[in-house]
Amino acid sequence: METEISMITLGAGLLLLLLFVVLLQGSKSTVQKYIYQFFLGSSSQAIPGPTGYFLIGNMLELTHDHLPIHLTSLARGFGNIYRLKCGNTTMVVLNSSDVIKEALIKKWSDFAGRPMSYTGDIVSGGGCNISLGDYTERWRAHRSLVHGALRRCCHQSLHNVIETQALNLRKVLMDYHGRAVDLSEDFTVAASNVITTLAFGKEYDKSSSELQQLHSCLNEIVALWGSSWISALDTFPLLRKLPNPVFSRLLREVAKRDEIITNHINNYKLQDQQNKEVITASLLQGLKHQSTEHEKLLTDVHVHMATVDLLIGGTETTAAWLNWTVAFLLHRPEVQTRVYEEMCTVLEGRYPSYSDRHRLPVLSALISEMLRLRPVAPLAVPHRAIRDSSIAGYFIPKNTVIIPNLFGAHHDPEVWQDPYSFKPERFLEGGGGSSRTVAKMELFLFTAYLLRDFQFVLPENESCLPDLRGVASVVLKVKAYNVVARPRPDHT
Ligand code: HEM
């Protein structure tokens with residue numbers, strides 16, 4: 001009897017072992033899904049989601065004019081994790097901070113990939129940038145090169161560079177002499193000058209044709225790449241054979257962008273007195289010091305595409321954020337007064353530095369509330385499962401595309417009371433520190449300098465406050481509006 005039991009136990013043990021071996025082999029069969037569910041406690045239910053149409057699946061869901069709001073409204077019906085099918089691609093949309101953290105922090109290595117995309121490859125020099133490149137040894141080396149360069153250059157000069165640009169912006173605003181203007185271009189120039197100074201040691205005037213060319217083509221690329229004419233090429237490869245004027249325009253803008261960046265890098269290389277503190281110097285230096293034991297992973301293309309990453313990542317995001325902040329302050333002028341009074345008391349007339357942020361809780365709360373209410377990268381950057389995994393107990397097969405809906409998570413009624421209202425006060429109770437990053441320091445210093453020296457008011461002849469719904473593409477922007485930047489009497 002005892003022998004019989006131990007034979008059964010041994011048999012069962014072997015069976016379990018066999019099942020684990022099948023699991024580890026990474027076979028794509030349904031069996032694997034069930035094994036995962038059995039051992040990892042994953043739910044046997046399929047991920048919920050809207051019913052799709054023949055061939056196109058749920059593609060129409062992605063054509064809504066304000067995608068983050070639409071995806072958030074779907075979450076109210078299907079829950080904080082749901083799936084959309086587009087052609088052969090399955091996307092899983094994550095709408096709460098719990099599921100986003102589970103995927104991108106706890107299980108980051110399962111979801112470290114980026115979607116494979118024909119059009120993404122075209123805008124990213126064949127996947128050679130860090131925002132769209134897939135998770136490979138080369139990508140890791142590239143990311144560490146860029147982050148290292150940022151750390152080195154920012155450690156020495158970030159504060160000064162931002163201060164200089166904030167004071168330039170002050171001068172531009174003073175020169176309007178209280179005229180009603182749309183400030184969006186001035187914000188773009190200020191944010192862009194921070195990046196170009198850090199990258200090449202170069203800053204531009206608003207009227208510079210070089211700057212205008214650069215921004216018009218970067219903006220065009222982001223806008224065209226987000227359009228359905230282009231994303232359809234990823235879903236239906238057959239369409240690539242047909243003429244597509246939008247795609248031809250995209251190719252022309254990419255060529256223009258590459259010419260501008262190549263000129264910059266070549267000019268830098270040809271300088272007699274090279275500034276060794278700029279990011280380009282650090283990136284080129286990093287290329288030279290690659291280990292010779294392995295094949296050299298990174299080339300000039302990676303330096304080129306890192307510059308594109310920083311320019312795209314660092315300009316429109318910061319500029320859009322400043323535009324949102326002024327728009328919301330026009331709606332609640334008393335918040336502006338509180339921030340100003342706090343600075344008057346704490347700073348006693350001097351300009352703030354980043355280390356003052358803990359002594360300026362009202363200003364910090366304003367920044368946090370703006371980041372919550374209008375995340376300027378509302379759907380972040382899509383990720384891809386590089387192996388089978390699970391989120392919230394659901395089985396997620398390899399190659400599933402993951403969309404972190406930050407807009408949805410920031411409006412989650414389970415976490416935020418009255419989530420659609422602009423209430424910086426909500427952050428005053430919680431407190432909370434912030435880490436030293438380019439973006440956070442820029443947002444803090446630009447906002448502090450602007451609100452110390454100016455009161456933003458609605459023009460007298462303007463009857464409507466700015467529209468706060470926004471226009472959503474890769475970056476979430478406020479619709480253009482005019483504002484008067486009235487100098488504060490004691491800081492002229
Ligand atoms: C309001 C300001 C900003 C916001 C809200 C923002 C948001 C984001 C988000 C959500 C991602 C995607 C992360 C992921 O899921 O992989 C990202 C990536 C990135 N951002 Fe920003 N960003 C801002 C400013 C900046 C600035 C100033 C820079 C330039 C120094 C920058 C450079 C980048 C780069 C290079 C990436 C690629 C991802 C990586 O390093 O892994 N961003 N940003």
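The values are calculated or read from the model by the stated rules, or taken from the named source; none is laboratory data. All of these numbers come straight from a predicted model, not from anything done at the bench. Methodologically, a virtual Cβ is constructed for each residue, glycine included, from the backbone with ideal geometry; neighbour enumeration extends over all protein chains shown.
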Go through (1) modelled with pLDDT of 90 or more; (2) part of a loop (DSSP other than H, G, I, E, B); (3) surrounded by fewer than 13 Cβ atoms within 10 Å (Cβ to Cβ) and name the single condition SER207 misses. (1)
For ALA319, the lone unmet condition from (1) more than 16 Å from the ligand (Cβ to nearest atom); (2) of a type outside the set (Val, Ile, Thr); (3) assigned to a helix (DSSP H, G or I) is (1)
Residue match in the range 412-428 (condition: touching a residue at least 12 places away in the same chain (Cβ under 8 Å), more than 22 Å from GLU102 (Cα to Cα), part of a loop (DSSP other than H, G, I, E, B) and in contact with an Asp or Glu (Cβ under 6 Å, 6 or more places away or on another chain)): yes
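What number of residues within the range 375-405 are in a loop (DSSP other than H, G, I, E, B), within 9 Å of the ligand (Cβ to nearest atom) and not β-branched (Val, Ile, Thr)?
At the first step, the residues of the range 375-405 found to be in a loop (DSSP other than H, G, I, E, B) are 375-382, 385-388, 392-393, 397-400, 405.
If we keep only those that are within 9 Å of the ligand (Cβ to nearest atom) too, we end up with 375-382.
Now drop any that are not not β-branched (Val, Ile, Thr), which leaves 375, 377-380, 382.
So the answer is 6.
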Looking at THR280, is it touching a residue at least 60 places away in the same chain (Cβ under 8 Å), away from the ligand (no atom under 12 Å from the Cβ) and over 26 Å from ASP182 (Cβ atoms)? yes
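Of the residues that sit in the range 288-337 and are among the aromatic types (Phe, Trp, Tyr) and over 15 Å from the mean Cα position of the chain (by Cα), which one is nearest to GLU253 (Cα to Cα)? Write out each step before concluding.
So the first thing to find is which residues in the range 288-337 are among the aromatic types (Phe, Trp, Tyr), and the list is 321, 324, 328.
Next cut, over 15 Å from the mean Cα position of the chain (by Cα) only: 324, 328.
Values: TRP324: 28, PHE328: 33 Å.
That would be TRP324.
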For the range 286-299, check the following and say yes or no: at least one residue is of a type in the set (S, T, N, Q) and in a helix (DSSP H, G or I). no
Scan the range 353-360 and give yes if some residue there is modelled with pLDDT of 95 or more, surrounded by 16 or more Cβ atoms within 10 Å (Cβ to Cβ), more than 14 Å from the ligand (Cβ to nearest atom) and over 14 Å from THR447 (Cβ atoms), otherwise no. no
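Output yes when any residue across the range 127-140 is touching a Pro at 6+ places or on another chain (Cβ under 9 Å), within 14 Å of the ligand (Cβ to nearest atom) and part of a loop (DSSP other than H, G, I, E, B), and no when none is.
Of the range 127-140, the ones touching a Pro at 6+ places or on another chain (Cβ under 9 Å) are 132, 134.
Now narrow it down to the ones that are within 14 Å of the ligand (Cβ to nearest atom): 132, 134.
Okay, now just the ones that are also part of a loop (DSSP other than H, G, I, E, B), so 132, 134.
Yes.
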For the range 178-203, give me the residue count where each residue is away from the ligand (no atom under 13 Å from the Cβ) and either under 19 Å from the mean Cα position of the chain (by Cα) or under 21 Å from VAL478 (Cβ atoms) (or both). 9
